[in-house]
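The block underneath contains the structure these notes are about, expressed in structure tokens.
The values are calculated or read from the model by the stated rules, or taken from the named source; none is laboratory data. Here the structure is a predicted model, which means the values were calculated and not measured. Neighbour counts are summed over all protein chains in view; Cβ atoms, including those assigned to glycine, are modelled from backbone coordinates with ideal geometry. Quick note on the areas: whole protein, heavy atoms, side chains included, nothing else; ligands and nucleic acids left out. Shrake-Rupley method; radii C 1.70, N 1.55, O 1.52, S 1.80 Å.
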Amino acid sequence: MRKWGEELNQTDRNIILIGMMGTGKSTVGHLISQQLNYTLVDLDSEIEKAVGKSIPAMFESEGEPFFRNAEADVLEKVLGRQRLVIATGGGAVLRKENCELMSSKGWVAALTADEAAIAQRVRGDVGRPLLAGNLEERVRQIMKERKECYRFADVTVDTTGKSAQEVALDILMHYRG
């Protein structure tokens, strides 16, 4: 057991998965958590539990700023724990404070994919309020807006054309050094 103030070993740190929606954070997070015997936390699910509403309902009734505030609050609470694999929502990186918190409380892996792969993976998912309208155009626009937001990650893995198992193995190899 660690003594108070003692640093965590690199391999005891939380693994935080960031990236655009549709890059595989939840699926890959599940595989990594099984391999490490860590607890998987889906941040969007935790936000829904904390607020008592679905994300689309939050966006509709309270708006995106309300959701982003709830996201920051829940992220901070979750990161108070250890040995987690956290699958964040794609926009968790929009606040600098969230990025700084993730960097200080865990090891961050950014998942990427090309526009076509993301559009294919999220097509038909009505639970993504930011994709209302022309899907391909919205994906392109969001990717452009967030391009620089993922650069603080410890590692970046392109998931295009890879299985979830391949991506999880790649992340674990980097995590373990």
Highest mean packing first, using Cβ neighbours within 10 angstrom, the peptides 73-84, 112-123 sort as 112-123, 73-84
Provide, in order from the shortest bin, the percent of all Cα-Cα pairs of the chain in each 5 Å bin, continuing until the bin that contains the maximum pair distance. 1, 8, 18, 21, 21, 16, 9, 3, 1, 1, 0
Within the accessible area of the chain (1.4 Å probe), percent carbon and sulfur: 49 percent
Just subtract the alpha-carbon distance of residue 144 and residue 62 from 0.36 nm times their residue separation and send over the number in nm, one decimal. 27.0 nm
On a full-extension model of 0.36 nm per residue, what is the gain between residue 123 and residue 151, subtracting their alpha-carbon distance, rounded to one decimal in nm? 7.5 nm
Which residues qualify? For residue 15, with a placed amide H closer than 5 Å and at least 5 residues away or on another chain, they are 84, 85, 86, 107
What accessible surface, in Å², does a 1.4 Å probe find on residue 62, ignoring ligands, DNA and RNA and rounding to the nearest 10? 80 Å²
In whole Hz and in residue order, list the ³J(HN,Hα) couplings for region 48-62 that follow from phi through the Karplus curve 6.51 cos²θ - 1.76 cosθ + 1.60, θ = phi - 60°; x for Gly and Pro. 4, 5, 5, 8, x, 9, 6, 4, x, 5, 4, 4, 5, 8, 10
Considering only protein heavy atoms, what is the solvent-accessible area of residue 64 at a probe of 1.4 Å, reported in Å² to the nearest 10? 60 Å²
